[in-house]
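Read-outs: derived from the displayed coordinates by stated rules, not from any lab. The structure displayed is predicted, hence computed values, not measured ones.
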Amino acid sequence: MAEEDHSTNQAAAPPSIEQLIERWWADHFPGSAVARDTQAWNIAHAAKERLKRLLKGSK
């Protein structure tokens, strides 16, 4: 059997925490206009942004 080339897998940097949070957000909170204009959306969005700042180490 031929050896597999894993060099492209090793060269790719892991996604940043911000990218992971944004991907999770996009999967769980679709950006419909109605959703963005609700108080729950605003609270959840603010929490997401705060989480990113906290995980980066700044307040």
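Observations
- Solution diffusion estimate, µm²/s, Stokes-Einstein, the range 13-59, Kirkwood Rh from C-alpha pairs, 4 °C, viscosity 1.567 mPa s: 113
- For the range 15-20, Karplus couplings with θ = phi - 60° (6.51, -1.76, 1.60), whole Hz, Gly/Pro x: x, 6, 4, 5, 5, 4
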